[in-house]
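Here is the structure we will look at, set down as structure tokens.
The values are calculated or read from the model by the stated rules, or taken from the named source; none is laboratory data. Because the structure is predicted, anything quoted here is derived from the model rather than measured. All Cβ positions, even for glycine, are placed from backbone atoms using ideal geometry, and neighbour counts span all protein chains on display. With ligands, DNA and RNA removed, areas are computed over all heavy atoms of the protein, side chains included. Shrake-Rupley method; radii C 1.70, N 1.55, O 1.52, S 1.80 Å.
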Amino acid sequence: MSDVKRVFGMTLRQHRTQQRRTQQEIAERCNMSLRFYQELEAGDKQPTITSLFQLATSLETSPANLIEDAFTVWKAEQT
């Protein structure tokens, strides 16, 4: 079974790299430490709802898009 945190981290990384932003830029825009953001992308941590909203805003998308993208990958890995 696929790890949801890992899949969400991959989703964050994909959105960030598509925008050609660094981890530091996103972390600063979210008012979170670089280390915490790195742990999110690595799948070691999961965001709170507040962090999810901040991440989505910083990545110029919606929380629903981040979740939907992660869910699509997670669901595909379940089969």
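Summary table below
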read-out: Solvent accessible area, Å² - T17, 1.4 Å probe, full protein context; value: 70 Å²
read-out: Relative counts (whole %) of C-alpha pair distances in the chain, using bins that are 10 Å wide; value: 20, 58, 19, 2
read-out: Cα→Cβ-extended label distance, 7 Å offset, between V4 and E68, nm; value: 1.9 nm
read-out: Accessible area (Å², per residue) of the chain, counting only protein heavy atoms and a probe of 1.4 Å; value: 62 Å²
read-out: Formal net charge of residues neighbouring D3 (Cβ-Cβ distance under 13 Å; K, R +1; D, E -1); value: +1
read-out: Square roots of five times the Cα gyration tensor eigenvalues for the range 16-60, Å; value: 14, 12, 10
read-out: Accessible-area ranking of T11, T61, T48, largest first, probe 1.4 Å; value: T48, T61, T11
read-out: Top positive-direction residue, dipole computed over the chain with Cβ charges, set F71, Q24, I49; value: Q24
read-out: Whole-percent carbon and sulfur share, accessible surface of the chain, 1.4 Å; value: 52 percent
read-out: Nearest-0.05 FRET efficiency for A76 and R20, computed from C-beta distance (R0 35 Å); value: 0.85
